[in-house]
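Here is the structure we will look at, set down as structure tokens.
We did not get these values from a lab; they are worked out from the coordinates using the rules stated. What you see is a predicted model; the values in this text were computed from it and never measured. Reconstructed Cβ throughout: ideal geometry from the backbone, glycine too, with neighbour counts over all protein chains shown.
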Amino acid sequence: MYVQMTIMGVAIDPNTNGPVILLRDLEKRYTLPIWVGLLEAASISQALEGTEPPRPMTHDLAKVLLEELGAGVARVDVDTLQDNVFHAKIHLRLADGEERLVDSRPSDAMALALRFGAEIYAEESVLLSSATVVVREPGAPEEEDGDESWREFLENLDPDAFGKYKM
């Protein structure tokens, strides 16, 4: 089963000082951090902020190319986690209405989804087996996750802080 997600923003991992994209489901039960490269984080940040670079960056160019061919991104799925690496699928909608699946890194898939206004989903098994934080109801029992500092970081995120981490 797939769960619809939204991009909360781009943060900096306090342990590695690397960029991490934070996805959250619509019911706010799961927060899924996905570590990405600097260029991908910058591309996602630009799309989230609605800023246009003076010249098209790679994801902007991919959007223009797809549009010129009459295609678009219908949705994106973060569908597997293998050897601690996330994998995604881009659902391309072709001009004739046909849909094609394209294997992708989640960062590239999310960058394109933002540019096309496409929905982002995560496979529930990925959410349950990955470094997912389950936001609990008050009084619900705590679960062991092994990294209290990371859990505290995610749970105490201030949405206004995302603007501080421009890439």
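Can you tally the net charge around Leu65? Count Lys and Arg as +1, Asp and Glu as -1, for every other residue whose Cβ sits under 14 Å from the Cβ of Leu65.
Neighbour charge sum, excluding Leu65 itself: -2.
Please give the peptides 3-12, 52-61 ranked by average Cβ packing (other Cβ atoms within 10 Å per residue), highest first, as a rough proxy for protection.
Ranking the peptides 3-12, 52-61 by packing returns 3-12, 52-61.
What ³J(HN,Hα) values, in whole Hz, does the Karplus curve 6.51 cos²θ - 1.76 cosθ + 1.60 give for region 87-95 when θ = phi - 60°, with x put for Gly and Pro?
Result, rounded to whole Hz: 10, 9, 10, 9, 8, 7, 9, 7, 4.
Considering only Gln4, Tyr30, Ile120, whose Cα is most displaced toward the positive end of the charge dipole of region 2-136, charges sitting on Cβ of Lys, Arg (+1) and Asp, Glu (-1)?
About the Cα centre, the residue reaching furthest to the positive side is Tyr30.
By how many nm would the segment from Leu101 to Leu38 grow when fully extended, if each residue of separation counts as 0.36 nm and the alpha-carbon distance is taken off?
My answer for the length gained is 20.1 nm.
What does the charge count around Met5 come to, taking other residues whose C-beta lies under 13 Å from its C-beta (Lys +1, Arg +1, Asp -1, Glu -1)?
-3
Between Tyr121 and residues 5 or more places away or on another chain, which pairs have amide H atoms under 5 Å apart, with H built 1.01 Å from N, and which residues are they?
Met5, Val76, Asp77, Val78
What ranking do 94-106, 115-127 get when scored by the average of other Cβ atoms within 10 Å per residue, highest first?
Going by the mean number of other Cβ atoms within 10 Å, highest first, we get 115-127, 94-106.
Would you mind computing, in nm to one decimal, how far apart the modelled labels at Glu67 and Thr16 are, each placed 7 Å from Cα along Cα→Cβ?
Using points 7 Å along Cα→Cβ, the separation is 3.3 nm.
Between region 1-68 and region 86-108, what is the C-alpha centre distance in whole Å?
Cα centres, region 1-68 to region 86-108: 16 Å.
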